[in-house]
Every structure is written in C-alpha cells, then in structure tokens.
Amino acid sequence: MIFNVAQLMKSPVGTSLEYDIDEQNVQLDNDLKVIGPITGHVRLRHINQGLLADGWVDLTLAQECTRCLKQFEQQMHVPFEERFYPTMDVVTGAPLRPPDDEEDAFPIDDHHQIDLTETVRQHVLLEIPMVTLCKEDCAGLCSQCGKDLNEGPCDCKPEVDSRLSVLQTLLQNQE
Ligand SMILES: [Zn+2]
Ligand SMILES: [Zn+2]
C-alpha cells in the first residue's frame, strides 16, 4: 500500500488526491490471516504539518471462535486516519527536522513515498473484538466432554459451581 506523494507535497496546502486500494496477498501481521484482497479507498491531503491520509479498508480475516474454537471468516470494515510528516524538503531535498509530536505520525520516506500497511495493520488490530464469535449465539463447547453444543446437547450433567456443590453434598447427606 505504497503511494508516491511527491506531486502532492509540491501542490498547495489543501490539495487532495484520492485512490482506490486493491491489494492482493497482504500479510499484515503474524497473528492475522487475511483471506483474499484488501480493498478500500484513501484520500491523501496536503496539510500544514505534512500529509493526512484518511479512508477505509474492507477485508476478511480468518478467525477462531472464542467459544467453540471453530475457524470462521470475519468480514471487517476498518476506517483509518493517519498523519505523515516530511523528512526532507520535496523541492530542495534538504533534510527536515521531525515534528515535536513525531510519535503521533509516520515519516514520508526519502523517495517521497508513504506506506499505509502499518497504519492499516494498527487500525485492524484495534477493531478486532476481544471475543470473536462464529455467530452471536454460539453455544460453545461442553466444558466437560468438549462436544460442540451447536451440533446438539451432550449427555453430561450440568456443571454446578463449587459453592453450589457444597450445598448439594449437604442435601445428599440429609437423604
Ligand atoms: Zn462458535
Ligand atoms: Zn458434555
């Protein structure tokens, strides 16, 4: 997801360019498995401090259900916004000092290119919920026999938690 922004940085502040994103075989992160292309749209705008990239990507991730451990495909729509700062003057080539809030932005590289891959990776990671479910009402696995309860009930007795089991023992002793 590399864009050359030399022309844009030579244009007046406020100028913007728009691009479609259509990337095949993107490896975003070791822990993320992207299925198929990443598509989307980005607007690059020349701003006073450098460049602002905002847009969105659509992608499909291979996920594992938190409850039943089944693999499933999760479609995601991920908006993003990122600021980039120039590291050299686009006309003279003179090096520029990084801005004071450097950690909030990414550098434009020596070839006047920006790479949105890291931006997209970070935004995708933020959008992934803590709990990923194959379906909202996934019944999960039986904690005793491990059967997938989406396929039907098992023969296990319902589990009682430890406080209740004390009560159960008391009741049994009374019988
Ligand atoms: Zn599930
Ligand atoms: Zn069971």
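We did not get these values from a lab; they are worked out from the coordinates using the rules stated. Keep in mind that what you see is a predicted model, and the values were worked out from it rather than measured. Cβ placement follows ideal geometry from the backbone for every residue including glycine, while neighbour counts extend to all protein chains displayed.
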What is the P(r) of the stretch 59-133, as percent of Cα-Cα pairs per 5 Å bin from 0? 3, 13, 18, 16, 12, 10, 9, 8, 6, 4, 2, 0
Counting only helical runs of four or more DSSP H residues, what would the 222 nm mean residue ellipticity of the chain come to if each run contributes -39,500 (n - 2.57) and the total is spread over all its residues? -5000 deg cm²/dmol
For the stretch 1-125, what does the convex hull of the Cα positions come to per residue, in cubic angstrom? 107 Å³
Can you figure out the FRET efficiency of residue 4 with residue 101, using R₀ = 22 Å and their beta-carbon distance, to the nearest 0.05? 0.35
Check cross-link reach from residue 33 to the aspartates and glutamates: straight Cα distance under 13 Å, and skip same-chain residues fewer than eight apart. 64, 73
If the cut-off is 22 Å between C-alpha atoms, which lysines fall inside it for residue 157, apart from same-chain ones fewer than 8 positions away? 147
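Going by the alpha-carbon gyration tensor, a ≥ b ≥ c the square roots of its eigenvalues, is the stretch 80-124 rounded (a/c under 1.5) or, if a/c is not under 1.5, prolate (a/b greater than b/c) versus oblate? It would help to have the intermediate numbers written out before the result.
Details: a/c = 3.52, a/b = 1.75, b/c = 2.00.
Oblate is the answer for the stretch 80-124, as a/c is 1.5 or above yet b/c matches or exceeds a/b.
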Rounded to whole angstroms and listed largest first, the alpha-carbon spread of the stretch 1-42 along its three principal axes comes to 40, 17, 13
So, in nm, how far is label residue 81 from label residue 11 when the simple model puts each one 7 Å beyond its Cα toward the Cβ? 2.0 nm
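With +1 on each Lys and Arg Cβ and -1 on each Asp and Glu Cβ, and nothing else charged, work out how big the dipole of the chain is about its Cα centre, in Debye to the nearest 20.
Using only the charged Cβ atoms, the result is roughly 240 debye.
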Using Cα centres only, tell me the gap between the stretch 47-83 and the stretch 32-46 in whole Å. 8 Å
